[in-house]
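Beneath this line is the structure, given in C-alpha cells, with notes to follow.
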C-alpha cells in the first residue's frame, strides 16, 4: 500500500478553519452503534450516489510506538493485505476489483485505517473481507520479507533520496523533545532493519482486537441494515485486552532551537515550526480554531499575507506557506516554510517571516481579512465533504484524535465566533521563541547550486488515502 497520509489534508488546519458548512455533512446525522464485543460502528447516510465507503480504523500509529519499534504500525498495515486462513495472498484486491471497487490503507501518527469503495449493493462483500482479515490473518515469513523490502523502498524514495524528505524527518526529530511525534511514521531505518515478524504479530495481537476497532460506513445505505450486517460478520469476533496509552506531553521549551542541514542535491529551503495545541489538547477549543484561521490569513490563497507581501511585493521568497494541523491527539505545530527568491537568502526570508509574525502580534488582523479566511475555509471544507470518502475520513480523524465525531456539530458556530482579538491573542501566546524551531536546508558544500528537490508530503500515509503531515 503506498501513498502518503499527509497529503489527505493540505488543509488539516484549514479543515478546522473551514468548518462552518460542516453542518451540510452532518445533516441527516451520524448513527452510532456498539456491538456486544465493544466494536464501534458509525454510519453516515448519503443518498446522492449509489456508492458506499467502508473505513476500518484503529487508534494506533507511529506515536504509540516505543523506541526500537518505529515503523511497525506501517509494516503491519502492509501485512494486513496478505492471506487469511480462508483466502490466499492477493485475494482482497482481486475480489474488490472484480466488483468494480477500490481498496487501500493508510497509517498516520495516531491511527491506521483500511478502506474500500464499492457500489452500495456490494457493501456486504467489504464487510465479509474486513472481518475475515481481522479474525484470520496469516503471517508468513516469506511474505514478510517481501513486504519489508517494499517498505524499505518507500523509505528510500520518500526520505533518503528526497532532500526535503530528509529535512522534514530531521526537523521533527529536533523540534520535539519528548513527544512521540518526533518519530517518522515510516520508521527509522535502523529500527526497520531489526524488526521481526514476531514483533509485527505481537503488535497485531496488542492493538487489533475487535474492541479497539472503529468501523465507519458512509454512502447510500440504511443505518440499521448496516448494523445488522456488521453484527453478522464482526459480532462473533472475541475482544481482547488493549494496551494502556500513557500520556506523553511535550516538555516546555527553554529557548529557540536552530540547525543548518546540508544535504546532497538540496536547494535552499527554510522550515520554521512553533509548538501549539491541537483541538484535542487546547485548554479552550477556540484557541485551535483561531490558529486555523490564522494559518489561512497568512497563506489562504494569492491574496493572503505571505504570498502577497513576501513573494509579490518584497520578492524575498519564490514560494512560502503557513500550516496548522489541528486534528491530532497531542500538541502539534504551526509551521512557516519557504524558498528564497533567486537572489535572496534564507536569512532574509527568515527575517521577513518573523516580521509578519510580529506584525500580527502587535497590530492584529482586521475583520475583512478574517472574513476572507472564513469564506475560503468554508469553501475548502464543503468541497472536500462533497466526497463520501472524506465524510468518512472526517469522522475517523475526529474519533482517533479522541474528540468524537460530534465535534463536527460545533464547527460552524465556533468559527463564526472567532474575533480578530482572538487571532492576535493566540499569535502572541504561541508564536514565540521558546516554542520555535528553525532549520535552514542547504546543498552540500561540494554540490554546486543543486537541483530542485521533490516536496515531501505534509503528513504521510502508508496507504492509499490522501493525507496530512504525518502518514504513510
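The values are calculated or read from the model by the stated rules, or taken from the named source; none is laboratory data. These figures come from a predicted structure and were not determined experimentally. No Cβ is skipped: glycine too gets one built from the backbone with ideal geometry, and neighbour counts run over all protein chains shown.
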*Would it be correct to say that residue 243 is in a loop (DSSP other than H, G, I, E, B) and farther than 30 Å from residue 357 by Cα?*
yes
*asked:* Looking only at the range 431-443, how many residues end up being surrounded by 21 or more Cβ atoms within 10 Å (Cβ to Cβ) and assigned to a helix (DSSP H, G or I)?
replied: 1
_Options 151, 221: the member that is touching a strand residue (DSSP E or B) at 6+ places or on another chain (Cβ under 6 Å), at pLDDT 95 or above and either within 30 Å of residue 131 (Cβ to Cβ) or in a helix (DSSP H, G or I) (or both)_ = 221
*Quick one: residue 92 ticks every box in (1) modelled with pLDDT of 95 or more; (2) crowded, with 16+ Cβ neighbours inside 10 Å; (3) over 30 Å from residue 169 (Cα atoms) except a single one, so which number is it?*
(1)
*Of all residues in the range 317-342, which are surrounded by fewer than 22 Cβ atoms within 10 Å (Cβ to Cβ), touching a strand residue (DSSP E or B) at 6+ places or on another chain (Cβ under 8 Å) and outside any strand (DSSP E or B)?*
331, 341, 342
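How many residues does the range 183-214 contain that are in a loop (DSSP other than H, G, I, E, B) and farther than 30 Å from residue 33 by Cα?
Matching residues across the range 183-214 total 8.
Looking at 113, 119, 101, 71 in this structure, which one is surrounded by fewer than 22 Cβ atoms within 10 Å (Cβ to Cβ) and either at pLDDT below 95 or within 26 Å of the chain's Cα centre (by Cα) (or both)? Even if it seems obvious, please write down each step before you answer.
Numbers: 113 fails: surrounded by fewer than 22 Cβ atoms within 10 Å (Cβ to Cβ); 119 fails: either at pLDDT below 95 or within 26 Å of the chain's Cα centre (by Cα) (or both); 71 fails: surrounded by fewer than 22 Cβ atoms within 10 Å (Cβ to Cβ).
Going through 113, 119, 101, 71 in turn, the sole match is 101.
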*Could you count how many residues in the range 140-159 are surrounded by fewer than 16 Cβ atoms within 10 Å (Cβ to Cβ) and within 16 Å of residue 199 (Cβ to Cβ)?*
3
*Filter the range 300-316 for residues that are touching a strand residue (DSSP E or B) at 6+ places or on another chain (Cβ under 8 Å) and either surrounded by 24 or more Cβ atoms within 10 Å (Cβ to Cβ) or outside the structural domain of residue 412 (by TED's automatic domain parsing) (or both) and give the result.*
310
*Can you give me the number of residues within the range 263-296 that are part of a helix (DSSP H, G or I) and buried (at least 24 other Cβ atoms within 10 Å of the Cβ)?*
9
_Checklist (1) modelled with pLDDT under 90; (2) within 21 Å of the chain's Cα centre (by Cα) applied to residue 399, failing item_ = (1)
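Is it true that residue 230 is part of a helix (DSSP H, G or I) and buried (at least 18 other Cβ atoms within 10 Å of the Cβ)?
Answer is yes for this residue.
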